[in-house]
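J.: This is the structure I have questions about; it appears just below.
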Amino acid sequence: MSLTRSTGAVLAKELKIELRTHDLTNTVLFFVLMVAGLFSFAFSPTVQESRRILPGLIWLAFFFAGTLMLQLCFVREQVNDTLAALRLAPIDPSAILFGKILANFLFLVVTEIVFVPIFSVFYNVNVWPVMGQLLLVLFLGTFGLSVVGTVFSAMTAQARMRELLLPLLLLPVLAPVLIAGVEATSELLGAHPGIGREWLSMLGGFDVIYVTATWLLSGFLVEE
Amino acid sequence: MNFALPTSLGVEFDRVEKRYGGLRALRRLSLSIAPGEFVALFGPNGSGKTTLLRMAALLVQPTSGKVRHIGAENLSPVDVRRRIGLVAHKALVYDELSARENLSFFAKLYALDNAEERVGRVLGAVGLAHRAGDAAGTFSRGMRQRLAIARALISEPRLLLFDEPATGLDRQGREWLEQTLTGLHEAGATLIMSTHDDSVASLAGRSIWLRAGRLERDTAAADAPLERGVRQ
């Protein structure tokens, strides 16, 4: 079976299960809503302050929400040892990872599409003129988070302290993406909105590196 | 039940050792199971039965030694996996998906022809046709075991590995399991089954006892004493 078709089968299975349980999306939605609301009410920032803190806040919210969600994606496979059934199937092991990466990416993207306007209202920053570019930056960063997060979730699924371990492993590896994402978002939400090509290149470049490494190491990553 | 299986697959363990940290689950174990054999594995808990079965399924790699699948010399590891079916301790199915969706998903991963027709046939064969649309999470232990067996059979494997397949089955379920195992064996499949159930074990043509990761005894079933004390 081709990698595309087996990835598609795993992705479809992930979406079907999530549409029935809402386990992952509920976790993310409530966490982001809490961060957006709490910071807004606690600091009541002015427009200028909002422009300074919002990029960091958006990335902080989505990073930790993603971490919470990603922890669960392989734990789900342990309940009935379904990972063994996937490993037993005659498919490229990378299809298991890529199917889950795409599913996690879609769940986070949906959250971002819902919450960027909410952040905009809570912090009184008009994001509509730069919405397309902002979503591009968020999607590129989110893809990196989904790739690395899914890989580390597979590696830490059987660890006892996985809730602590996953963010600790993710932060250093994702630092370039988070820095580029925050910088690009700051430029977009600044007084003179624009976006530096270097940040987009950095986000895209790291996505390519993460995907290539995942593809090369997939056999090892889904081993016992 | 009628199973039409292609040529079966055997498995050979050559001085196989498996360590989990400091624990030695298998200790330089050598064993050969020919294509078409029906073997019952016995031994107390922790004797290495599950590790041996998972190693035969290519899910566990030996720390040292070699595992070779007889009849698969020219096949890639992916093609060998295609010919192996495993019924494990856990059901290896998704609770959130229905019985039909579970089997359709695995049929898709195995790129099977006429997948939907085959899913319907296997569901009927394991007696779950009337619950095909129900989520696996709502099934009783016995029904989950039937679904687990259906999942293992969907790809028509040539080497079938059963880890305590009678667990959770009532008398009717055990009778059904015995018929299924007999049907598979008669169709030429290689069966390796760990069990504590004498009735199911009596179907096997060969009995192997493991203790502390070592091969303790290997006999033709007709010569094997059936006392539980020996088996457990």
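Yes or no, residue by residue, for (1) farther than 18 Å from residue A:124 by Cα; (2) part of a helix (DSSP H, G or I); (3) more than 14 Å from chain B (Cβ to nearest Cβ):
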| position | (1), (2), (3) |
| --- | --- |
| A:5 | yes, yes, no |
| A:14 | yes, yes, no |
| A:40 | no, yes, yes |
| A:49 | no, yes, yes |
| A:66 | yes, yes, yes |
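J.: Looking at residue A:174, is it open to solvent by less than 60 Å² (accessible area, probe 1.4 Å) and either of a type outside the set (Asp, Glu) or away from chain B (no Cβ under 14 Å) (or both)?
T.: Details: open to solvent by less than 60 Å² (accessible area, probe 1.4 Å): yes; either of a type outside the set (Asp, Glu) or away from chain B (no Cβ under 14 Å) (or both): yes.
In short, yes.
J.: Can you tell me which residues in the range B:27-57 are over 23 Å from residue B:220 (Cβ atoms) and within 14 Å of chain A (Cβ to nearest Cβ)?
T.: Residues of the range B:27-57 that are over 23 Å from residue B:220 (Cβ atoms), as a first pass: B:27-28, B:45-46, B:50-51, B:54-55, B:57.
Correct list: B:50, B:51, B:54, B:55, B:57.
J.: So, of the residues in the range B:58-80 that are touching a helix residue (DSSP H, G or I) at 6+ places or on another chain (Cβ under 6 Å) and at the interface with another protein chain (Cβ under 7 Å from one of its Cβ atoms), which turns out to be nearest to residue B:181 (Cα to Cα)?
T.: B:59
J.: Another question, then. Working carefully through the options A:184, A:191, A:175, A:180, find the one that is in a loop (DSSP other than H, G, I, E, B), within 29 Å of residue A:38 (Cα to Cα) and not aromatic (Phe, Trp, Tyr).
T.: The conditions single out A:191.
J.: Something else about it: Could you tell me whether any residue of the range A:71-88 is touching a Gly at 6+ places or on another chain (Cβ under 8 Å) and in a helix (DSSP H, G or I)?
T.: So in the range A:71-88, the residues touching a Gly at 6+ places or on another chain (Cβ under 8 Å) come out as none.
Within the range A:71-88, not a single residue is touching a Gly at 6+ places or on another chain (Cβ under 8 Å) and in a helix (DSSP H, G or I).
J.: Sort out which residues of the range B:84-103 are in contact with a strand residue (DSSP E or B) (Cβ under 9 Å, 6 or more places away or on another chain) and more than 8 Å from every other protein chain (Cβ to nearest Cβ), and write them in order of number.
T.: B:85, B:87, B:98, B:99
J.: Something else now. From the residues in the range B:91-146 that are out of contact with any helix residue (DSSP H, G or I) (no Cβ under 8 Å at 6 or more places or on another chain) and basic (Lys, Arg), which one is farthest from residue B:184 (Cα to Cα)?
T.: Checking each candidate, the answer is B:141.
J.: Can I ask one more? Select the strands (runs of 3 or more DSSP E) contained entirely in the range B:128-232, then report the ones holding at least 1 residues which are open to solvent by less than 50 Å² (accessible area, probe 1.4 Å) and at pLDDT 90 or above. Talk me through it step by step, then tell me what you get.
T.: Numbers: elements: B:159-163, B:190-194, B:206-211, B:214-220.
Counting at least 1 such residues, we get B:159-163, B:190-194, B:206-211.
J.: Only one of A:98, A:105 is open to solvent by 10 Å² or more (accessible area, probe 1.4 Å), modelled with pLDDT of 95 or more, part of a helix (DSSP H, G or I) and within 14 Å of chain B (Cβ to nearest Cβ); which? Outline the logic, then answer.
T.: Numbers: A:105 fails: within 14 Å of chain B (Cβ to nearest Cβ).
Checking each option against the conditions leaves just A:98.
J.: Can you tell which of A:54, A:24 is farther than 16 Å from residue A:118 by Cα and surrounded by 18 or more Cβ atoms within 10 Å (Cβ to Cβ)?
T.: Numbers: A:54 fails: farther than 16 Å from residue A:118 by Cα.
A:24 is the lone residue from the list that is farther than 16 Å from residue A:118 by Cα and surrounded by 18 or more Cβ atoms within 10 Å (Cβ to Cβ).
The values are calculated or read from the model by the stated rules, or taken from the named source; none is laboratory data. Every value quoted in this text rests on a predicted model; they were computed, and no experiment measured them. FYI the Cβ positions are ideal-geometry reconstructions off the backbone, even for glycines, and counts take in every protein chain you see. Each accessible area value is taken on the protein alone, full model and side chains, heavy atoms only, with ligands, DNA and RNA left out. Shrake-Rupley method; radii C 1.70, N 1.55, O 1.52, S 1.80 Å.
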